[in-house]
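So that we are looking at the same thing, I have put the structure below in structure tokens.
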Amino acid sequence: MTETTPEELHKSEIDIRLALAWLLNPQTAPLESFSDDVQRIVSRVASKLPTRGLDAETEARIEAFEREGAEIDKANDIVSYERAKKRAKRILLEENGKGPSWTPADIDSVWEAAESETQTDVGHLSGDMPLGIFYRGKINGVHAESEAGKSWLVCLVAVQEIRARRHVVYIDFEDDSASIVRRLKLLGASREDIAQFFTYCNPTGPLTDAEESEFRRLVSLDGSLAIFDGMTEAMALEGLDGIKAEDVAAWHSKMTKPFAAAQWAVVVLDHVPHDGKRAIGSQHKKSALTGVSYLLDPVHPIGKGATGKSRLRVEKDRPAWVRAHAVPGKTPQHFADLVIDFKEKPMPIAKLWPARPADEKGYRAEPPEKLRTAVLGFVQHNPGASKSAIRRGVTGGNAEIDWALEWLIDHAQVIIKSVGQANKHYPADPAGTLP
């Protein structure tokens, strides 16, 4: 074979591009259909011969072309994902008979639905207090440190739903089927009920077009509880970043919103850093939730031979039904205690005890208007301010200021933009009017 000289490689950048493109995807065309120069370059690279005789500039150019090819492949993957997401949403709307998303709502039917208050109706507290845990048709969240009992909590609710003969889907990005089914058994679910009303999935890669029909089948099961265990890991499988608001929105559009639209109670489990109280990328993740968001705060470790306890606290509750039954005070309010009693028992006794009697009053549904106005005014005069800057610039406790800021974000008065690793706050309405 004739040695390819540096001059020959230099003479045609197009030949190098064609050779690299063919090596990345040989199915595009027969190698014989390319010029002799292209075939020689392919032979040199494919056979991994030494690049002796190539100058540094030529090698750098080849490396640049390879990087460019990788960037093009990544861009094509993003385009394919966006197309798949749009197609899935369109199919879901068509199957639900809702038509295009811009079709005006039927006010008569909405008026009837608005007569009743939105309440939690999936899972229930122990004892005589008839309160549910999660909202149907909403995206709910639970976050906690490792071993605080997130999986025990949702497995307890899952058993309650299974016993009521309602279907549960558990999509697990962290554990394995044997571990989750074992917990269902320990909590009292029968083999027959699990086989009939429980579906477990353990994805190891992104949701592809080929698996879309199976995903739609799960959505169509007409169940009550869909659990996504491990949001950070799930987003990583899709090539998404939980710190970025647009990536969080994309993941929910692809994964959780189809279940919520089909009237499942969606529950997303996520971590907080050790000794932390907020999930990684928490503001973006919390903003995407349309139901209740709980922090599960460990009190006593859960494990064999002991009585474990974790406190369920309400961080966000858009419909406000859960928060109205929590202990009054600053966010996050104490709503219930998860108790898993393994002490001197072969099988645990699991209860979710309410934190307060039903007739206690005193909960504030929203932060004071004076504080909201102060926070909004600061953001107006300091666009791009960080949360710490807002805390320094507004009079009040940090928890109260954070509550007012989150209220303004939820009510579309303040928006967040990510700049590198920092979150910047801007007024959504230049006039700064409160709703």
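If you go through the stretch 303-325 one residue at a time, how many are crowded, with 23+ Cβ neighbours inside 10 Å and hydrophobic (A, V, I, L, M, F, W, C)?
Of the residues in the stretch 303-325, 3 are crowded, with 23+ Cβ neighbours inside 10 Å and hydrophobic (A, V, I, L, M, F, W, C).
Taking the stretch 406-427 as the search range and keeping residues that are modelled with pLDDT of 85 or more and not charged (D, E, K, R), which one is nearest to Glu369 (Cα to Cα)?
Leu408
Hey, another quick one. Consider the stretch 214-235. How many of its residues are within 21 Å of the chain's Cα centre (by Cα) and loosely packed, with under 15 Cβ neighbours inside 10 Å?
Total meeting the criteria: 3.
Free of Cβ contacts under 8 Å to residues at least 24 places away in the same chain and closer than 15 Å to Leu289 by Cα: is that true of Glu214 in this structure? Let's see the steps before the verdict.
Numbers: free of Cβ contacts under 8 Å to residues at least 24 places away in the same chain: yes; closer than 15 Å to Leu289 by Cα: no.
So Glu214 fails the test.
Taking the condition of being over 26 Å from the mean Cα position of the chain (by Cα) and among the small types (Gly, Ala, Ser), how many residues in the stretch 386-399 meet it? It would help to see each step written out before you state the result.
Step one: filter the stretch 386-399 for residues over 26 Å from the mean Cα position of the chain (by Cα), giving 389-398.
Next, from what is left, pick out any that are among the small types (Gly, Ala, Ser): 389, 393, 396-397.
Of the residues in that region, 4 qualify.
Could you give every pair whose Cβ atoms fall below 6 Å, whose first residue belongs to the stretch 188-203 and is closer than 11 Å to Asp172 by Cβ, and whose second residue is surrounded by 15 or more Cβ atoms within 10 Å (Cβ to Cβ) and among the charged types (D, E, K, R), counting only separations of at least 6 or pairs across chains?
Cβ pairs passing all conditions: Asn202/Asp172.
Quick check on this structure: which one of Gly132, Gly149 is at positive phi, touching a Ser or Thr at 6+ places or on another chain (Cβ under 8 Å) and either modelled with pLDDT under 95 or of a type outside the set (S, T, N, Q) (or both)?
Details: Gly132 fails: at positive phi.
Selected residue: Gly149, the only one of Gly132, Gly149 that is at positive phi, touching a Ser or Thr at 6+ places or on another chain (Cβ under 8 Å) and either modelled with pLDDT under 95 or of a type outside the set (S, T, N, Q) (or both).
Filter the stretch 160-205 down to the residues that are acidic (Asp, Glu) and under 19 Å from Val122 (Cβ atoms) and list them by number.
First pass over the stretch 160-205, keeping only residues acidic (Asp, Glu): 161, 172, 174-176, 192-193.
Once the filter is applied, which keeps residues that are acidic (Asp, Glu) and under 19 Å from Val122 (Cβ atoms), the stretch 160-205 yields Glu161, Asp172, Asp193.
Now, a different point. For Gly137, all conditions in the list (1) small (Gly, Ala, Ser); (2) at pLDDT below 90; (3) in a loop (DSSP other than H, G, I, E, B) hold save one; what is the number of the exception?
Gly137 satisfies every listed condition except (2).
Taking strands (runs of 3 or more DSSP E) that fall entirely within the stretch 282-344, which contain at least 1 residues that are over 21 Å from Gly123 (Cα atoms) and free of Cβ contacts under 8 Å to residues at least 40 places away in the same chain?
On the way: elements: 292-300, 307-317, 333-341.
Passing ranges, in order: 292-300, 307-317.
The values are calculated or read from the model by the stated rules, or taken from the named source; none is laboratory data. Just so it is clear, the structure is predicted and the values come from calculations on it, not from any experiment. Using ideal geometry, Cβ is built from the backbone for each residue, glycine included, and neighbour counts are taken over all protein chains shown.
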